[in-house]
Structure formats: C-alpha cells, structure tokens
1. Could you run through segment 136-178 and say how many residues are polar (S, T, N, Q) and under 34 Å from the mean Cα position of the chain (by Cα)?
2. Which pairs have Cβ atoms under 7 Å, sit 6 or more apart or on different chains, and link a residue in segment 104-130 that is closer than 16 Å to TYR172 by Cα to one that is assigned to a loop (DSSP other than H, G, I, E, B) and among the basic types (Lys, Arg)?
3. Just give me the residues in segment 92-119 being at pLDDT 85 or above and small (Gly, Ala, Ser), in sequence order.
4. Can you pull out the residues in segment 120-136 that are modelled with pLDDT under 90 and either surrounded by fewer than 12 Cβ atoms within 10 Å (Cβ to Cβ) or in contact with a Phe, Trp or Tyr (Cβ under 7 Å, 6 or more places away or on another chain) (or both)?
Amino acid sequence: MRVMSKTNGALVLILAATTPAVAQDTLPSQLTACVQITGVLQRLACYDRVAHSLGPVPVPRSVPAQRPVPPPVAYAPPVVAATPPTTGLGSERLPRTASAAPRRAQELTAGIAGITYDARGRFTITLDNGEVWRQLEGDTAVLQGARNSTVRISRGALGSYDLNVVGRNASYRVLRLQ
C-alpha cells in the first residue's frame, strides 16, 4: 500500500508540473523546480518540459563574412651572419647552428698553446688550433710538465674523450669547451 502511495505521489508531482499554471511561471522558477527533483529521469523529463514550453527558438541565419584575401608577399629568407661551422673531435657537444653538418672525427693530434689549472688541480688546455678542452671532475689524474708537448685526443667509451700526451703513458678524461 505504501509503494502505491509513493508512486501516486510522484505522478501527482509530474502532473502538477505539466499544468498551465506551471507553464506560466518564469523560466528561473521552472528550472529551480527541476533542480529539486531527485530522480534522474524525472529531473530530465522536467527539463525537457521546460525546454518544449519555450517553443522552437529560431536560429538566426547569417551569411559568413568574406575574409579579405591579403595580397601575395614575396618571401625573403632571413639573413644569417656567416660563421664558420665548428667541426672536429668533440664538436657534437658544442651548441650547433642550424646549417652545421655533423662530422665525426675519431682522433685529433695538436700542440698545446696553453694550460691552466683550477683549485682542485684539474686542467684546461688550449690547443694550437684554438680548441679548448677541460679535464672532467671524476678524473683524478694529475697532468704535469706538458707545456710544450703534443697531445692526442680520441673518442672513448660512451661518448667520452681521452687525452694522451704523446710520449707519456697517461690518459685523461676531457670535455671540449670550444
């Protein structure tokens, strides 16, 4: 008996919502009434009734605006200052310009133009060809007495580089700076 009364109560609510008096309510009050309905399908039916009571809304038809076509512009590529591409051993780790093609040298032999040492004893070597190489932090070997020597730099494992002073049996891990 109670189930029947709940169903009848819901039907009374739905019928009351469809009466002309409700249709004359303002739109915000009709929507507020729909929001208060807890049943999903009943709430959706309420929204549908409100929408249909408004009648068909004419959609304005407008002609799409014609966009003006800009006049053709002659393309001129940007002017780029001509700088010689940095090539040689270790150059793939240097900042690259767009036009520089990668070149993979396997070994470099050059004279030492200058050596400087930091506070921890790691060296930075300037070669006679202008390249600058620095000893890596993890390398603890000490380079001494190589001022007027020749060095050979070759590719090591996993993209590293090894510096050897010609005539000595020592190897140093280095990174190219310039």
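1. Initial filter on segment 136-178 (polar (S, T, N, Q)): 140, 144, 148-150, 154, 160, 164, 169, 171, 178.
Subsequent filtering for residues that are under 34 Å from the mean Cα position of the chain (by Cα) retains 160, 178.
The total comes to 2.
2. ILE112/ARG147; ILE115/ARG147
3. Residues of segment 92-119 that are at pLDDT 85 or above, as a first pass: 107-119.
Correct list: ALA110, GLY111, ALA113, GLY114, ALA119.
4. Once the filter is applied, which keeps residues that are modelled with pLDDT under 90 and either surrounded by fewer than 12 Cβ atoms within 10 Å (Cβ to Cβ) or in contact with a Phe, Trp or Tyr (Cβ under 7 Å, 6 or more places away or on another chain) (or both), segment 120-136 yields only ARG120.
The values are calculated or read from the model by the stated rules, or taken from the named source; none is laboratory data. Because the structure is a prediction, the values reported are computed rather than measured. Cβ sites come from the backbone with ideal geometry, for glycine too, and all protein chains shown count toward neighbours.
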